[in-house]
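Nothing in this text is a laboratory measurement; each read-out follows from the coordinates by a stated rule. Only a predicted model underlies this, so the values are computations on that prediction, with no experimental measurement involved. Neighbour counts are summed over all protein chains in view; Cβ atoms, including those assigned to glycine, are modelled from backbone coordinates with ideal geometry.
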Amino acid sequence: MANINLLPWREKERERRKKAFFAMLGGAAALAGAILGAGHLYMQNEINNQNARNAYLQEQIAVLDNKIAEIRNLQDQKRALTERMAVIQDLQGRRPVIVRLFDELVRTLPEGVYYDRVTRTGDLISLEGVADSNNRVSTLMRYLEDSEWFAEPSLRQITAAQTVTGVDGQQTASNAFQLNVRVTAGDATDEEATP
């Protein structure tokens, strides 16, 4: 006799397929969850690494900013020292100039003329004095013009002063004068005078 299976085999097969489908669906979901978790961990690790790099760069930038501030401070100190050295060298270079100016004033002074007051303002020297005559003042101006140290003598004022009686009893008239002269050779000799 033939075997006939009357059990609902189709339903059992359907049940088995359904269980297999849900098992595969669960496996796929678990695999997707694992992949997403691994991706999340990987991305989190990359973010943490990048944050660590950024923090390191920020620390190094802060260190470099401090060094730059120190360098700027040193440059300011260097500039200040250089300016002080230049002033000191200028003063040392000009020290003998005043002596040379007075010497040159004496060399250019003709007989019969003397100075009452000598004033220097920058390059300009103002001379006030007394001369025996107007010719003596003209001679003084020529001597100043011919000097290497002076240029552009200009007479501001000349007035007749009182008559002076000399030791020998002779009376001589004198003229008070005021003139300006410009210093020219001081800068060139500063360089020569500096040791």
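Table for the structure above
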{"quantity": "Spin-label model distance (nm) - residue 176 vs residue 44, 7 Å beyond Cα toward Cβ", "calculated": "10.2"}
{"quantity": "Gained length - residue 21 relative to residue 73, 0.36 nm times residue gap less alpha-carbon distance", "calculated": "11.1 nm"}
{"quantity": "For the stretch 47-107: rounded, prolate or oblate by the Cα gyration tensor [a/c cutoff 1.5]", "calculated": "prolate"}
{"quantity": "Cα-only radius of gyration and Dmax that characterise the stretch 77-124, units Å", "calculated": "16.3, 55"}
{"quantity": "FRET E, pair residue 114, residue 145, Förster distance 22 Å, beta-carbon r, rounded to 0.05", "calculated": "0.65"}
